[in-house]
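Structure first, commentary second.
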């Protein structure tokens, strides 16, 4: 009888030990899973930190010079409405605002007073504003209508037509109006789509004017 009791007790002890080992093993495995998951969760945050300062991925970000990319050329073939032909290459040493607009766009017309004010205020300090007129409709493609709009809006900075959208596509523009600000080396340092952020963009212009050529 005692022998049978010893056997039963022994089996119970072994069963208890097996159960404890199983629970500990599962707990340890779960803890190990969470420990390995932490770096995976941190990785997207690091990628976002880089993306936030990368042109073409984020707008309304002041791009560091070391990360900035060279602006494409203004495509040849457009008509310069109120100036001699310009190239971005010849504007090196100047901060350049490239304003993509069309005269039939309500939002574009709302931004014009600010863009004209920047031209008047900072031209003598080294700012060049270039309006790239990319038409949305056939009416806006008419050269006479563009000339009349530039005259009526009293735009004094250079305006070039972009009838086929070549410069628009080269810059990767997606909507009217789009403002692209280049530094003195011709690198894209700031991009904004639409109205607003006028104070922020003027601050960018001031910072870039203060940078060494």
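Only the coordinates and a few stated rules stand behind these numbers; no lab work does. Predicted model only: the values in this text are computed from it and were never measured. We place every Cβ from the backbone using ideal geometry, glycine too, and count neighbours over all the protein chains shown.
What order, most packed first, do the peptides 65-71, 154-160, 84-90 have when packing is the mean number of other Cβ atoms within 10 Å of each residue? Please list the in-between numbers first.
Working: 65-71: 14.0, 154-160: 19.0, 84-90: 11.4.
Taking the mean over residues of other Cβ atoms within 10 Å, the ranking is 154-160, 65-71, 84-90.
Taking every alpha-carbon pair under 8 Å whose residues sit at least 6 apart, the stretch 100-194 reaches a relative contact order of 33 percent. No solvent, one uniform scatterer per C-alpha: report log10 I(q)/I(0) for the stretch 65-210 via the Debye equation at q = 0.13 1/Å, two decimals. Rounded to two decimals, the profile gives -0.51. Available extension along the chain between residue 213 and residue 164 is 14.3 nm, counting 0.36 nm per residue and deducting the alpha carbon span. Full extension of the chain between residue 76 and residue 123 gives 14.5 nm of extra length, using 0.36 nm per residue less the Cα-Cα distance.
When each of the peptides 106-116, 185-195 is scored by the mean number of other C-beta atoms lying within 10 Å of its residues, the order from highest to lowest reads 185-195, 106-116.
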